[in-house]
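**Student:** Take this structure, written in structure tokens, and hold onto it; I'll ask about it next.
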Amino acid sequence: MELKAPDFRKREDKLSGWLDGEVRTFLFDSFSDDYCTRTGMEFLRGVQIPIKPGDLAAFHGEGGLPVTDLADNMALVIGANTQFKYRDAYIAYLALYFNEKLVTVLAQKGADELKAQHYRKACIYFRAALLLDDQSKEAMFGYACCCREWYLSMEGEDQQELIAILKKESSEYFEHLTRVYPDDATAYYFLGYVYVNAGQYKKAELAWKKFVELSGAALADSVAGTDTEPAEETSKEREEIKEIRERLASLEDPVKIEEGVNLLTAGHLEDGLRILERYVGTDYDSWWPLHYYLGSAYRELGFFPEAIEGFKRVLALQPSHEESCECLADLYMAEGDAENAEKYRRKAEIIRKNREE
């Protein structure tokens, strides 16, 4: 069965509120009924047409605005808001005057804006291209890359809601690419980084192994039967393969830790502990979630002293970890130590109050 990306026109648009500022300056006017009848564009009767403020006089002038200008305006509006009221009428207008190459043109405009680090406008153009062809490889790849570059550019900024949306969009469209175009090595390259940033190390490992497999095969094919290699291109490909092989080697321990955590959360406490206990006292000892998962497992198994030690280690690394304070309060209460139970209960309340404020 042929795999397809979802219908972009039917997807919930979570980004429109972050993009509509790019088109807020547009004015809206309409073609006359007579013009719609003469040109056979009855579908535009009563439809509001986006026009840049400086072009309003030309729109009503004898020659009108060039079709390319109107098309660009429409693409920007529906790219900013994929559920715009007149979206389907705009798409019909674009289909009437342009062929399938318009998708390539819009994707290229997006690529140019992305190169200039104009993330919002780049995103708009890629989204407009996807509205016209949601299976377009270049539009899907551009949109995924744009979302990734945009959220990476906001590192350290207080934009958590937008960053979360962009991360989800980027991950989703790199995944769609690998399903619709499973032989495209580049998608696996970026998808691996997306998974690493999300702490999904096993998925990153699988994606990067696929990248190495596909890239290695493509590189071998490109130089087969030749005495020389196209230096710049093959050199870059070899460097990327080397880079990802090094990344794969560095993932060995995170993948095992993730396996241990998954075992614990699935209720296989002894199996999970056997894996995670190996990392106490190693380079991963400063990773507070390791001690939180260990403490939680010890608590479930009734090893209260070990659990207390684990949660205290969490607080040494992450002093404002409310859940560890609450766990310590419960553990001390179970052991009859009311003084320490109250101490950590109060600490949890202070952390909670500070967070709310």
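**Student:** Go through (1) of a type outside the set (D, E); (2) part of a loop (DSSP other than H, G, I, E, B); (3) surrounded by 14 or more Cβ atoms within 10 Å (Cβ to Cβ) one by one and return the number of the condition N99 breaks.
**Tutor:** N99 satisfies all of (1) of a type outside the set (D, E); (2) part of a loop (DSSP other than H, G, I, E, B); (3) surrounded by 14 or more Cβ atoms within 10 Å (Cβ to Cβ) except (3).
**Student:** A further question on this structure: Look at A307 and say whether it is in the same structural domain as L263 (by TED's automatic domain parsing), buried (at least 16 other Cβ atoms within 10 Å of the Cβ) and not β-branched (V, I, T).
**Tutor:** yes
**Student:** Would you mind finding the one in V67, V23, V47 that is touching a strand residue (DSSP E or B) at 6+ places or on another chain (Cβ under 9 Å), of a type in the set (V, I, T) and assigned by TED's automatic domain parsing to the domain that holds E149? Don't jump to the end; show me each part of the working.
**Tutor:** Values: V67 fails: touching a strand residue (DSSP E or B) at 6+ places or on another chain (Cβ under 9 Å); V47 fails: touching a strand residue (DSSP E or B) at 6+ places or on another chain (Cβ under 9 Å).
Checking each option against the conditions leaves just V23.
**Student:** In a helix (DSSP H, G or I), surrounded by fewer than 21 Cβ atoms within 10 Å (Cβ to Cβ) and in contact (Cβ under 8 Å) with a residue 60 or more places away in the chain - does that describe any residue in the range 182-201?
**Tutor:** No, the range 182-201 contains no residue that is in a helix (DSSP H, G or I), surrounded by fewer than 21 Cβ atoms within 10 Å (Cβ to Cβ) and in contact (Cβ under 8 Å) with a residue 60 or more places away in the chain.
**Student:** Please note which helices (runs of 4 or more DSSP H) are completely contained in the range 280-357 and include at least 1 residues that are of a type in the set (K, R).
**Tutor:** Working: elements: 288-301, 304-317, 322-334, 338-356.
Output list reads 288-301, 304-317, 338-356.
**Student:** Still on this structure, please answer the following. Can you report the number of residues in the range 1-55 which are buried (at least 16 other Cβ atoms within 10 Å of the Cβ), acidic (D, E) and over 30 Å from H176 (Cα atoms)?
**Tutor:** Of the residues in the range 1-55, 1 are buried (at least 16 other Cβ atoms within 10 Å of the Cβ), acidic (D, E) and over 30 Å from H176 (Cα atoms).
**Student:** Now a separate question. Filter the range 1-29 for residues that are small (G, A, S) and under 14 Å from C123 (Cβ atoms) and give the result.
**Tutor:** Matches in the range 1-29: S16, G17, G21.
**Student:** Another question, then. So, in the range 76-87, how many residues would count as being in a helix (DSSP H, G or I) and touching a residue at least 60 places away in the same chain (Cβ under 8 Å)?
**Tutor:** 3
**Student:** Okay, moving on. When the range 196-216 is examined, which residues are found to be more than 18 Å from Y181 (Cβ to Cβ) and among the aromatic types (F, W, Y)?
**Tutor:** Across the range 196-216, the qualifying residue is only Y201.
**Student:** Taking the range 107-124, which residues are surrounded by fewer than 16 Cβ atoms within 10 Å (Cβ to Cβ) and of a type in the set (A, V, I, L, M)?
**Tutor:** Correct list: A116 only.
**Student:** Only one of A122, A144, A107, A75 is among the hydrophobic types (A, V, I, L, M, F, W, C), within 30 Å of E42 (Cβ to Cβ) and touching a helix residue (DSSP H, G or I) at 6+ places or on another chain (Cβ under 6 Å). Can you tell me which?
**Tutor:** A75
**Student:** A further question on this structure: Could you tell me whether any residue of the range 273-288 is of a type in the set (D, E, K, R) and exposed (fewer than 13 other Cβ atoms within 10 Å of the Cβ)?
**Tutor:** Yes: the range 273-288 contains one or more residues that are of a type in the set (D, E, K, R) and exposed (fewer than 13 other Cβ atoms within 10 Å of the Cβ).
**Student:** When you go through A139, A128, A144, A185 one by one, which is the residue that is under 10 Å from the mean Cα position of the chain (by Cα) and either over 19 Å from D112 (Cβ atoms) or modelled with pLDDT of 95 or more (or both)?
**Tutor:** Every option except A144 fails the conditions.
Yes or no, residue by residue, for (1) among the basic types (K, R); (2) over 25 Å from A204 (Cβ atoms); (3) in contact (Cβ under 8 Å) with a residue 40 or more places away in the chain:
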residue: S250; (1), (2), (3): no, no, no
residue: K256; (1), (2), (3): yes, no, no
residue: Y279; (1), (2), (3): no, no, no
residue: P289; (1), (2), (3): no, no, no
residue: L294; (1), (2), (3): no, no, no
residue: R313; (1), (2), (3): yes, yes, no
residue: Y332; (1), (2), (3): no, yes, no
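The values are calculated or read from the model by the stated rules, or taken from the named source; none is laboratory data. This is a predicted model, so every value here is computed, not measured. In this analysis, Cβ positions are derived from the backbone assuming ideal geometry, glycine residues included, and neighbour counts consider all displayed protein chains.
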